[in-house]
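So the structure is just underneath, and the comments pick up after that.
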Amino acid sequence: MCIRDGILLSFFLLLLPLAAWAEEPIKPIPLHVPYDHEKAELGKALFADPNLSADGTVSCASCHSFDHGGADPRPVSVGVHGRKGSANAPTVYNAYFNFRQFWNGRARDLKDQANGPLHNPLEMAMVPRRIEKYLAQNGYYRSAFRKVYGRTPRYDDMLDAVAEFEKALYTPNCKFDRYLRKEVKLSDEEAKGYSYFKTLGCITCHNGINIGGNSYQKLGLIIPYAWSETFPDLYQVTHNPFDKNVYKVPTLRNIDLTAPYFHDGSAATLQETLRKMAYHNLGFDLNREEERALIAFMKTLTGEKPAILKGE
């Protein structure tokens, strides 16, 4: 048995338990996710407000562009005073379905995640007291917080509203979800790509409702990936050397819209991303047929624009 065949057999054996509880290892996003519309609309305004940053230039939307699948089109994000961060901002679309937030999972939920960039000196560099003062002096916010929360603006309520808005950023009805619901068929190339996705081992890490976002995995599992102490990996949280280059698996939903890829923004295209992942995490090179088919499959993962962004 060659090395590649051995690796494929190992991944196949890992997949066997999945058949016991699910027909498919990927589940479609619900067509409707319940959320508080008034609270989410307040969060939407806050998400786009640069006045929540120290120099009035950076909002949450600055690094999570709705024109780029809820992600940052720059390799690393740029915060107040032009300060560069250390990571590519992942998509905020469908983040509600992640089991943890941030690349290293240091935030337990969306509310906890919203708190991070506001304090980070490389991002928004603000403090709660200053934010509350701004919100209380703003007529719209003063009225909206009173209506939604029944009191003057508080920092914790602001985080809650932003998290409710992010909960509403789900993207249903991608072609693959419709295929899973047996509403449409995949093209031959797309179907072949999904088959490769499962048999080559991609599905081992990218599964579930968010096709990722539900586990930690090591980048460079087979062939080591260069490590830097500035990377936002799990090691920064645990300080356990075993966790170097271990990250929360990113979602593949809307992947065609969210370039560049990886925590360091080092891959500009899906083709480059697939080649790196196959080499470092599967231990072999993809052939051109596999690349084309996998990319065709990944393009079926682009869902509808969130309804709250369309004013619905």
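Assorted remarks:
- The stretch 170-224: GluC sites (Glu not before Pro) in DSSP coil with no more than 15 other Cβ atoms inside 10 Å: Glu183
- Between 0 and 90°, nearest 10: helix 3-21 axis offset from the chain longest Cα axis: 60 degrees
- On Cα atoms only, tilt of 139-149 relative to the major axis of the chain in degrees: 70 degrees
- Rounded to the nearest 20, the Cβ-based charge dipole of the stretch 37-167 about its Cα centre (Lys and Arg +1, Asp and Glu -1) stands at 320 debye.
- Cα centroids of the stretch 163-229 and the stretch 86-110: 15 Å apart.
- Taking Cα centre as origin and charging only the Cβ of basic (Lys, Arg, +1) and acidic (Asp, Glu, -1) residues, the dipole magnitude of the chain rounds to 460 debye.
- Only aspartates and glutamates eight or more places from Lys192 in sequence, or on another chain, were considered; those with a Cα closer than 15 Å are Glu289, Glu290, Glu291.
- Positive-end ranking of Phe262, Ala48, Ile223 along the dipole of the chain, with charges on Cβ about the Cα centre, is headed by Ala48.
- Cα pair distances exceeding 13 angstrom across the stretch 41-112, given as percent: 69 percent
- Cα Rg, Dmax (largest Cα-Cα span) when computed across the stretch 169-312, Å: 16.1, 47
- When each of the peptides 210-221, 116-127 is scored by the mean number of other C-beta atoms lying within 10 Å of its residues, the order from highest to lowest reads 210-221, 116-127.
- Cross-link pairs beyond the 23 Å C-alpha cut-off, checked among Lys175/Lys305; Lys44/Lys218; Lys182/Lys248; Lys182/Lys276; Lys185/Lys310; Lys218/Lys305: Lys44/Lys218; Lys182/Lys248; Lys182/Lys276; Lys185/Lys310; Lys218/Lys305
- Taking all C-alpha pairs of the chain, those more than 34 Å from each other amount to 25 percent.
- The lysines whose alpha-carbon is closer than 16 Å to the alpha-carbon of Lys84, local same-chain residues fewer than 8 away aside, do not include any residue.
- Springs between Cα atoms under 10 Å define the GNM used for the chain, and in it the highest mean-square fluctuation of Lys175, Lys133, Lys192 occurs at Lys133.
- The stretch 37-167 - Rg and Dmax from Cα coordinates, angstrom: 14.0, 41
- Translational diffusion coefficient (Stokes-Einstein; Kirkwood radius from C-alpha pairs) of the stretch 113-227 at 10 °C, 1.306 mPa s, in µm²/s: 85 µm²/s
- Packing here is the average count of other Cβ atoms within 10 Å per residue, and on that basis the peptides 33-41, 91-99, highest first, run 91-99, 33-41.
- Modelled label reach - Arg292, point 7 Å along Cα→Cβ, the stretch 244-275 residues with backbone N closer than 18 Å: 270-272, 274-275
- Of the residues Gly139, Tyr279, Phe176, the one whose Cα sits farthest toward the positive end of the charge dipole of the chain, with +1 on the Cβ of Lys and Arg and -1 on the Cβ of Asp and Glu, is Gly139.
- Burial order of peptide ranges 53-66, 251-264 (average beta-carbon count within 10 Å, highest first): 251-264, 53-66
- With Cα atoms, 0 to 90° folded angle of helix 188-199 axis to the chain main axis: 90 degrees
Values in this text are rule-based calculations from the coordinates and carry no lab data. Here the structure is a predicted model, which is why all the values come from computation and not from measurement. Methodologically, a virtual Cβ is constructed for each residue, glycine included, from the backbone with ideal geometry; neighbour enumeration extends over all protein chains shown.
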